[in-house]
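Single-structure report; data block below.
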């Protein structure tokens, strides 16, 4: 028998040729898509889930808001000055299999944020009352209790809104240490990718001090004598 291309009508031949070219193009396209998917999967395994972009100024505002509210709820006599009171950045690590090549090595372009303040020589009754007011407010706002003080009064609350939003405060922690009477509060925001040009030590939003109540001066606690009277 004669080959089909010699006996088939010209119209049928012209119809089959484009179909074969379309099939080849489809195969090439599928192969390209599979290759791209494989490359993306390997990249994800190596780099891990990318860190979200952070906005340090917005984060600082929210950390300072939590610090100020906790300070007001503490109702410390004389509204003393605080120790620390500075937004600091923390270490964040490489994700994915790439982390195996950078064990215990932090990333310079990804940081967390934390604001901690403390006041010493706070009486126990004052500390417990302040902690109760702070805890009641966090519970009203829907925060989740994740830890309570076992050997010292205090707690840690997690913000449900902070789990998926790096711009939010992720958790707050408040403690009172009986040995020194130290009342301490910290607010933490999770790891995020820093914007280009961010430099922590010249960052204008870095420092914080509690706001004074109108008409009431902010005074430090009276110095204690080193000798007994």
Might you let me know whether the stretch 99-112 holds any residue that is touching a strand residue (DSSP E or B) at 6+ places or on another chain (Cβ under 6 Å), farther than 30 Å from residue 197 by Cα and in the same structural domain as residue 171 (by TED's automatic domain parsing)? no
Go over the candidates 158, 79, 69 one by one and state the one that is free of Cβ contacts under 8 Å to residues at least 40 places away in the same chain and crowded, with 17+ Cβ neighbours inside 10 Å. 158
Tell me which residues, restricted to the stretch 168-198, are surrounded by fewer than 19 Cβ atoms within 10 Å (Cβ to Cβ), within 12 Å of the chain's Cα centre (by Cα) and assigned to a loop (DSSP other than H, G, I, E, B). 168
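The values are calculated or read from the model by the stated rules, or taken from the named source; none is laboratory data. Since the structure is predicted, the reported quantities are computational estimates derived from the model, not experimental observations. Note that we place each Cβ from the backbone using ideal geometry, even for glycine, and neighbour counts take in every protein chain shown.
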